[in-house]
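Report on the following structure.
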Amino acid sequence: MIQEKTSLVKVDGKNYLIPFILVTSLFFLWGFAHSLLDVLNKHFQDILGITKAKSGWIQAALYGGYFLIGIPAGLFMKRFGYRKGIITGLLLYVLGAYMFLPATYVQTFEFTLLCLFVIACGLTFLETAANPYTTVLGPHKSAAQRINLSQSFNGLGWMIGPTVGGFLILGNTTGDGGNKFSSMALPYMIVGSFVLLVAFLFIMTKLPEIKEEEAHHEPGAIAKPFWKQRHFQFAVIAQFFYVAAQTGINSFFINYVTETMPDISPEKAAYLLSLGFLFFWFGRVSGSVVMKWIKPNRMIAVYALVNVITMVVVVANLGWISLIALFVTYFCMSIMFPTIFALGIKGLGDQTKQASSYLVMAIVGGAICPVFMGMLADKVNMQIGFVVPMACFIIIFFFGYRGYKVRGPKPATI
């Protein structure tokens, strides 16, 4: 038998480096799309005079799309495969991005939410395909390490988005000829054109359509339906609360900084958010390396516990100390999404595509948390809103501590 020399070489000797690189590019694209939302959140508060709670509907429009399209995307993938699912997702992404041009003429909050919902439909296809695809492009034992490596490019997209948004959107609140919506069109037209180019590359490239039945023919595969597996059920719950925590923190980072440190402008706060995503990116890169020696579930448990502590410091409003605590939070959040995903689909065999769609649907947590945080901020203050992600990290800790364990009967090994 051929040795597993790298995390991208299968036990049958096939090398999946090129497909892995192409799929990894998708992670950057949706990271960039998500991080622009955190700039739009503050932008709409300023130009429309809406409350923090109402601005939370920006996140709800995007993450609600994940919930509605998750199962259809999984069924599509099961019938037509990963490659067609990825291309479909990219084209929907392009459509939603280009819709921001007519949005500058319509000039309503609701039409902008529609644009974000269409982008969400595309992102749902991409995440339903790309996340499990990276786990099968190499040895099963290194799946968590491999998805964390891909997700590090997601962190890179998160890091660049606020910088671009801060410069092109927050730096231009009046718009052309008094059109306050015009500043949103340019960044989305640029990213839409880039995504269109990536879609063309996927159309022209032949990707291996790996069947999970082949990828998981090893001891430990599970015979019971995936929705009856406790580790999968807990993974869906953990993913829901992780995305809720991350989205809430991202959405109100700029608000928190500008309200607790009045000398910092919204534009400068957006650059600080980019610095937070730099910590996030570094956490994913280092996490994919450290997982060679430390079990993924242990890393999640420790990182979640650290984040409970950092949220206490943030709520305490200690100035720059609280801001540093936020940066530590970003570092520790970095590995959570991909690792929960990899642990959740572990051993599910040919049920992986459908199971993945449920884990993607769990992203709907991001639609709920910002609204609750905004309500707390409007009624009390911004820092007290961070008790919501604090509670989320407690639940994630228990997943890493015990909930990840695969239980249930196993099929006989042939």
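Rule-based calculations on the coordinates, nothing more; no lab input. Small disclaimer: the values here were computed from a predicted structure and weren't measured. FYI the Cβ positions are ideal-geometry reconstructions off the backbone, even for glycines, and counts take in every protein chain you see.
Taking a ≥ b ≥ c as the square roots of the Cα gyration tensor eigenvalues, the range 17-403 comes out oblate, since a/c reaches at least 1.5 and a/b does not exceed b/c.
Based on C-alpha pairs under 8 angstrom that are at least 6 apart in sequence, the range 17-403 has a relative contact order of 29 percent. Modelled spin-label separation between I21 and K268, with each label point placed 7 Å from Cα along the Cα-to-Cβ direction: 4.2 nm. Evaluating 6.51 cos²θ - 1.76 cosθ + 1.60 at θ = phi - 60° for every residue in the range 326-338, the Karplus couplings come out as 5, 5, 4, 4, 4, 4, 6, 5, 3, 8, 5, 4, x Hz, glycine and proline recorded as x. With θ taken as phi - 60° and the Karplus curve 6.51 cos²θ - 1.76 cosθ + 1.60 applied, the whole-hertz 3J(HN,Hα) list for the range 98-107 is 5, 5, 5, 5, x, 4, 5, 9, 5, 6 Hz, x standing for glycine and proline. Label positions at I321 and F372, each projected 7 Å from the Cα along the C-beta direction, are separated by 2.8 nm.
Taking each of K78/K141; K54/K84; K52/K292; K52/K295; K268/K295 in turn, the alpha-carbon distance tops 31 angstrom for K54/K84; K52/K292; K52/K295; K268/K295. Sorting 231-238, 250-257 by their mean Cβ neighbour count within 10 Å, with the most densely packed peptide first, gives 250-257, 231-238.
Working from label points 7 Å from Cα in the Cα-to-Cβ sense, the I294 to K379 distance is 3.8 nm. In plain terms, the chain from L113 to L197 could stretch by 27.8 nm, reckoned as 0.36 nm per residue minus the Cα-Cα distance. The listed peptides 323-334, 304-315, ordered by packing as a protection proxy, come out as 323-334, 304-315 (highest mean of other Cβ atoms within 10 Å first). Positive end of the dipole of the range 17-403 (Cβ unit charges, origin at the Cα centre): among A235, Q383, I203, the Cα lying farthest that way belongs to A235. Comparing A325, M291, P72 along the charge dipole axis of the range 17-403, the residue lying farthest to the positive side is M291, per the Cβ-charge model.
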